[in-house]
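Encoded as structure tokens, the structure appears first; notes follow it.
Derivation of every value follows stated rules applied to the coordinates shown; laboratory data play no part. Everything quoted here is computed from the prediction, not taken from an experiment. All Cβ positions, even for glycine, are placed from backbone atoms using ideal geometry, and neighbour counts span all protein chains on display.
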Amino acid sequence: MRRNVEVKARLRAREEALGAALRLQGLPQVCPGAGQGSGEGQGLPQVCPGAGQVLLQTDTFFRVPRGRLKLRRTKDGCGELIFYERPDNAGPKLSSFSITPTADPEGLQAVLALALGVLGTVQKERLLFLLGQTRLHLDRVQGLGDFLELEVVLRPEQSVEDGQRLARELLREFGIEERDLISGAYLDLLLAQGQEGDNGDNTSCPTPHPETP
């Protein structure tokens with residue numbers, strides 16, 4: 001299984017976090033000629049080419065005896081089956097995961113739902129930045145609001161402590177305080193509110209694109 005160190009936090013000011021991400025990439029905080037995002041971007045400000053990638057994702061979670069199993073579907077119809085294990089605490093923690101792409105996410109979801117049962121579904125708009133070995137996600141989660149997620153992809157020679165140190169350094173760059181950190185998954189927050197999410201829609205999948213949890 002692959003490893004990273006992950007941490008999630010609520011965002012009190014998404015625009016400030018976006019500006020910090022652009023600054024860390026050495027890019028202008030406002031791209032010349034860029035206005036507000038449109039349509040599918042749900043009002044997300046446009047950024048300079050190469051600065052970030054907007055991803056629309058639907059994650060369906062299934063009942064499993066340990067860890068978490070989810071099927072991720074994206075707007076282009078691609079799918080990934082993701083299994084991961086990580087402790088439910090608020091600070092940076094180790095996440096061990098395995099991902100396999102699928103060209104038939106709709107069919108796979110139907111089979112898994114029959115075999116395992118569905119826990120719930122999370123829909124989000126994700127702005128992805130790559131900061132060295134760290135994946136930065138600015139997430140707008142349907143029914144929950146705005147979040148920041150860091151995934152430090154560990155190299156073979158690196159320890160969990162190395163990843164935690166890098167994550168905490170970035171948290172400071174973004175002005176994230178301990179009280180902003182959250183434990184668990186977005187689904188846990190939705191279930192705590194009595195929500196189950198939506199099923200979303202599916203299209204054909206030309207080329208699956210793997211991504212970390």
A student applying the Cα gyration tensor rule (rounded when a/c is under 1.5; otherwise prolate if a/b is larger than b/c, oblate if not) would label the stretch 44-131 oblate
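Of all GluC sites (Glu not before Pro) in the stretch 121-157, which ones are in loop regions per DSSP and have a Cβ with at most 15 other Cβ atoms within 10 Å?
Numbers: sites: E125, E149, E151, E157; in loops: E157.
The qualifying sites are E157.
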